[in-house]
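Pasting a structure here, questions to come.
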Amino acid sequence: YVPLSGHPGGSISSGRFVAGILFDAMDYDVSQPDRGDADLVSYAAGHKALGLYAMWALRNEVMRLGAPELLPREVKHQLRIEDLLGFRRNPASRTPLFVEFGAKALDGHPTPGTPFIRLSTGASGIGFAASIGLAIGARDTYGPGAPRVHVVEGEGGLTPGRIAEAMAAAGTASLDNAVLHLDWNQASIDSNQVCREGAKPGDYVQWEPAELAYLHDWNVVYVPDGKDFQQVIAAQRLAAGLGGTQPTAIVYRTIKGWQYGIEGRASHGAGHPLCSDGFYQALTPLLGDAARALPCCKGLDQARCNGPDGPAVVEACYWDALQVIRREIEKRPAMVEHFAARLRAARRRLDARGRTPRPGAPRLEAVYETLAQTGTTTPEPLRLAPGTSTTLRNELGRALHHLNRASGGAVLVSAADLLGSTSVNKVVEGFPAGYWNAAGNPESRTLAIGGICEDGISGVVTGLSAYGQHIGVGSSYAAFLAPLGHIAARLHAIGNQARHAVDGGPFRTVVLVCAHAGLKTGEDGPTHADPQALQLMQENFPPGTAITITPWDPAEI
């Protein structure tokens, strides 16, 4: 009902393991989407948004019918079946039912405008890197036993270079609360053989997903048939009980578009055309002959939606179809009660964990309290004596250090192998030396993100800030970080805007330090004299004037 849009294939192939996450693996309180101690799910695979919205709406129906006490009190914290009318609709849409039901405008890629979602995702590799940042934020706040971050991704989403950077960061940091759920269906937009599989080479990469995860020191659980609920649930429970210090990847072998009538890469973009035979055949396993009772126009020349009221007609047909699904759920009270009981159990498990911030956990609010108290007056520790020689990046490092000390370490930094050269090492002075490791060095405030990796750094620090308890700082030379950090920063801005629209809360700060601000890079060499500078020299220094030329130091510019 959103013609030629939506990416049904990956939503279908990931559907069963996502159901396992929501109804079995996660410890969370479905009545409080923003509860800080709860496990999280993060859709790094933004193309699977259709499946996310559908699953959230089905969960809401379970609560409406079988556990009304679990429904969030405010509609803005629910995703109802009525909200599916807003799939890929602009907030300014004025079709009758969209307005009548106050439906949410559901983006083509997930944003924090959707309950339980903390990040805006979609750009290749950014969602995964930012999800690792979420896990770091949770682990640093709560310590051992921290909320788990369940990351949904596909093998095509593992091919960007920033993925290797983020996977290396998680494995090196012993990030034990990160769980990757990988939908390995081998299909992307252009290929049905993305990865090597056995002796058959891949079109794009020559690793299997399990190998990639294992290379970066992740635990790996392999599910031969990701369509089999028994295997899916067994794998998720095994992953939850592994123990140890490392992150975990669960690789599910799936079929993109399974039982939909369009499989493989063909199912990546558009679905069945509205009112086509394939459209109704896809619904037959659920509805049987009743699938033909859905609204239908015979032939394009008779399609009512071709008229002047086309959008309203399509919306009305869409709502009729959604009500058919709702009635099918209502016919199955035993199923509804089964899943309602699982949601109640998820809240009981969360309550029983009694998660609280670890002793000595940073307090982000102190950063802003300190700034408010300071006002426009320079704090004594930051004052410079007249004549002091310094750099902007040095003073930025000192200022962030002042706030970091006040907050007990709410500012975490990373650099592309340039901690001292970009002066972000100043930010963490007085905190334990070395890089942050969840098991071995949890009090450090310095993150190692794969080495010289501006892409990965930008994604991870935005996710860290999005968690809401830290300020992530990434640094490199301006010529590198300004372009490579742009996409992650833009998605972070979109996420902040979406979150603010829901709860009205403050934006969550991230800092990208573009050091050595001139865009020139490399060794100093011969330069062409500026004509205006030559003219000034000729006017002010007549022939015969003795001039001493001192080479400038780029580090001091």
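The values are calculated or read from the model by the stated rules, or taken from the named source; none is laboratory data. In this text, all values refer to a predicted model and were calculated from it rather than measured experimentally. For neighbour counting, all protein chains shown are included, and Cβ atoms are generated from backbone atoms with ideal geometry for every residue, glycine included. Note: accessible area is taken over every heavy atom of the protein model, side chains too, but ligands, DNA and RNA are not part of it. Shrake-Rupley method; radii C 1.70, N 1.55, O 1.52, S 1.80 Å.
Can you tell me which of Ala416, Ala406, Ala410 is open to solvent by 40 Å² or more (accessible area, probe 1.4 Å), in contact with a helix residue (DSSP H, G or I) (Cβ under 7 Å, 6 or more places away or on another chain) and either of a type outside the set (A, V, I, L, M, F, W, C) or in contact (Cβ under 8 Å) with a residue 24 or more places away in the chain (or both)?
After applying the criteria, what remains is Ala406.
Hey, does the range 481-493 have a residue that's within 23 Å of the chain's Cα centre (by Cα) and either assigned to a loop (DSSP other than H, G, I, E, B) or modelled with pLDDT under 75 (or both)?
The answer is yes; a qualifying residue exists.
Here is a check on your reading of the model: is Ala129 surrounded by fewer than 21 Cβ atoms within 10 Å (Cβ to Cβ), under 26 Å from Ile163 (Cα atoms) and among the hydrophobic types (A, V, I, L, M, F, W, C)?
The answer is no for Ala129.
Do we find a residue being of a type in the set (Val, Ile, Thr), in a loop (DSSP other than H, G, I, E, B) and surrounded by 17 or more Cβ atoms within 10 Å (Cβ to Cβ) anywhere in the range 213-231?
No, the conditions are met nowhere in the range 213-231.
Checking the condition closer than 30 Å to Val30 by Cα and exposed (fewer than 12 other Cβ atoms within 10 Å of the Cβ), which residue from Glu380, Glu365, Glu337, Glu315 passes?
Answer to the selection: Glu365.
Among the residues of the range 225-265, what is the count of those that are of a type outside the set (Lys, Arg) and closer than 30 Å to Ala169 by Cβ? Let's see the steps before the verdict.
Within the range 225-265, the first condition is being of a type outside the set (Lys, Arg), and the residues that meet it are 225-226, 228-236, 238-252, 254-255, 257-264.
Subset that is closer than 30 Å to Ala169 by Cβ: 226, 231-236, 238-252, 254.
The total comes to 23.
Can you pull out every residue in the range 351-367 that is hydrophobic (A, V, I, L, M, F, W, C), touching an Asp or Glu at 6+ places or on another chain (Cβ under 9 Å) and either farther than 20 Å from Pro432 by Cα or in a helix (DSSP H, G or I) (or both)? I'd like the intermediate steps shown before the answer.
From the range 351-367, those hydrophobic (A, V, I, L, M, F, W, C) are 352, 361, 364, 366-367; that's our starting set.
Retained after the next criterion (residues that are touching an Asp or Glu at 6+ places or on another chain (Cβ under 9 Å)): 352, 361.
Scanning the range 351-367 gives a single hit, Ala352.
Something else about it: Can we say Glu155 is of a type in the set (D, E, K, R) and either touching a Gly at 6+ places or on another chain (Cβ under 8 Å) or open to solvent by 20 Å² or more (accessible area, probe 1.4 Å) (or both)?
In short, no.
List the number of the failed condition for Leu274; all other conditions in (1) assigned to a loop (DSSP other than H, G, I, E, B); (2) of a type outside the set (Lys, Arg); (3) open to solvent by 70 Å² or more (accessible area, probe 1.4 Å) hold.
Every condition holds for Leu274 apart from (3).
From the list Asp24, Asp37, Asp29, which one is open to solvent by 10 Å² or more (accessible area, probe 1.4 Å), in contact (Cβ under 8 Å) with a residue 40 or more places away in the chain and assigned to a loop (DSSP other than H, G, I, E, B)? Break it down into steps so the answer makes sense when it comes.
Values: Asp24 fails: assigned to a loop (DSSP other than H, G, I, E, B); Asp29 fails: open to solvent by 10 Å² or more (accessible area, probe 1.4 Å).
Sole residue among the options that is open to solvent by 10 Å² or more (accessible area, probe 1.4 Å), in contact (Cβ under 8 Å) with a residue 40 or more places away in the chain and assigned to a loop (DSSP other than H, G, I, E, B): Asp37.
Select from the range 243-255 the residues that are at pLDDT 95 or above and either of a type outside the set (S, T, N, Q) or not in a loop (DSSP other than H, G, I, E, B) (or both) and list them in ascending order.
Within the range 243-255, Pro247, Thr248, Ala249, Ile250, Val251, Tyr252, Arg253, Ile255 meet the criteria.
Might you check whether a residue that is surrounded by 14 or more Cβ atoms within 10 Å (Cβ to Cβ) and under 20 Å from Val2 (Cβ atoms) occurs anywhere in the range 247-256?
Yes.
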